[in-house]
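**Q** This is the structure I have questions about; it appears just below.
The values are calculated or read from the model by the stated rules, or taken from the named source; none is laboratory data. Note that the structure is predicted; figures quoted are calculated from it, not measured. Heads up, the Cβs are rebuilt from the backbone with ideal geometry, glycines too, and the neighbour counts pull from every protein chain shown.
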């Protein structure tokens, strides 16, 4: 094949990569983008942006996304982890809170988040907050014990889930 025909194909491939919105649901994210805090099948990512639909209200500056986030199992919910990592009881040495902004792909009237330890269904903790921008819910997530916690997220007739690691009370997050 002549060289001049290979150039357009290479440009199309490069353009396709540049327009990507990040990892697809279920895709294994690149190692350099993983951060502490995920467990089970959930990966916490940093230094890469969440899907385009979950970026409203955030300033990306030079393209470096420093706030950790996790994508739900079906890819319809992003948990923006202002807390970096969750700490049991919300007892952090620096006094900061276990803040998560839940962001749903579409309008999410009646968003409900229920957390429980990954290996059991008890205790069940309901996480609530006021909806903003039609698809975002800020929350403080204080769970009573360390370990892997499953989060069941529902709105309307839709359901999704993700799992996050909770550090022992008094711990300082690694980030």
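**Q** What number goes with the only condition from (1) more than 17 Å from residue 38 (Cβ to Cβ); (2) assigned to a loop (DSSP other than H, G, I, E, B); (3) in contact (Cβ under 8 Å) with a residue 40 or more places away in the chain that residue 130 does not pass?
**A** All conditions pass for residue 130, except number (3).
**Q** Among (1) modelled with pLDDT under 95; (2) under 27 Å from residue 56 (Cβ atoms), which single condition is residue 122 missing?
**A** Unmet condition: (2).
**Q** Against the condition more than 25 Å from residue 128 (Cβ to Cβ), touching a strand residue (DSSP E or B) at 6+ places or on another chain (Cβ under 7 Å), crowded, with 16+ Cβ neighbours inside 10 Å and modelled with pLDDT under 85, how does residue 35 come out, does it pass?
**A** Working: more than 25 Å from residue 128 (Cβ to Cβ): yes; touching a strand residue (DSSP E or B) at 6+ places or on another chain (Cβ under 7 Å): yes; crowded, with 16+ Cβ neighbours inside 10 Å: yes; modelled with pLDDT under 85: yes.
Answer is yes for this residue.
**Q** Hey, residue 43 hits all of (1) exposed (fewer than 14 other Cβ atoms within 10 Å of the Cβ); (2) at negative phi but one; which does it fall short on?
**A** (1) is the only condition that residue 43 fails.
**Q** Something else now. Filtering the range 63-96 down to residues that are in a helix (DSSP H, G or I) and touching a strand residue (DSSP E or B) at 6+ places or on another chain (Cβ under 8 Å), which residue is surrounded by the fewest Cβ atoms within 10 Å (Cβ to Cβ)? Give the derivation first.
**A** If we filter the range 63-96 for residues that are in a helix (DSSP H, G or I), which is where we start, we get 88-90.
Going one step further and asking which of them are touching a strand residue (DSSP E or B) at 6+ places or on another chain (Cβ under 8 Å), we end up with 88, 90.
Details: 88: 20, 90: 18.
In this case the residue turns out to be 90.
**Q** Something else: Return yes or no: is residue 106 in contact with a strand residue (DSSP E or B) (Cβ under 9 Å, 6 or more places away or on another chain) and at pLDDT 90 or above?
**A** Judged against the criteria, residue 106 is not a match.
**Q** If you don't mind, there's one more thing I want to ask. Evaluate the range 142-158: report whether one residue or more is touching a residue at least 60 places away in the same chain (Cβ under 8 Å), part of a helix (DSSP H, G or I) and in contact with a strand residue (DSSP E or B) (Cβ under 7 Å, 6 or more places away or on another chain).
**A** Scanning the range 142-158, I find no residue that is touching a residue at least 60 places away in the same chain (Cβ under 8 Å), part of a helix (DSSP H, G or I) and in contact with a strand residue (DSSP E or B) (Cβ under 7 Å, 6 or more places away or on another chain), so the answer is no.
**Q** Can you tell me which residue is farthest from the chain's Cα centre (by Cα) among those in the range 147-162 that are buried (at least 19 other Cβ atoms within 10 Å of the Cβ) and within 18 Å of residue 53 (Cβ to Cβ)?
**A** So the residue we want is 155.
**Q** While we're on this one: Report whether or not residue 55 is crowded, with 20+ Cβ neighbours inside 10 Å and either over 13 Å from the mean Cα position of the chain (by Cα) or modelled with pLDDT under 90 (or both).
**A** No: the conditions fail for residue 55.
**Q** Still on this structure, please answer the following. Being surrounded by fewer than 19 Cβ atoms within 10 Å (Cβ to Cβ), within 18 Å of the chain's Cα centre (by Cα) and closer than 19 Å to residue 73 by Cα is the filter here, so list the residues in the range 108-146 that pass it.
**A** 112, 114, 116, 118
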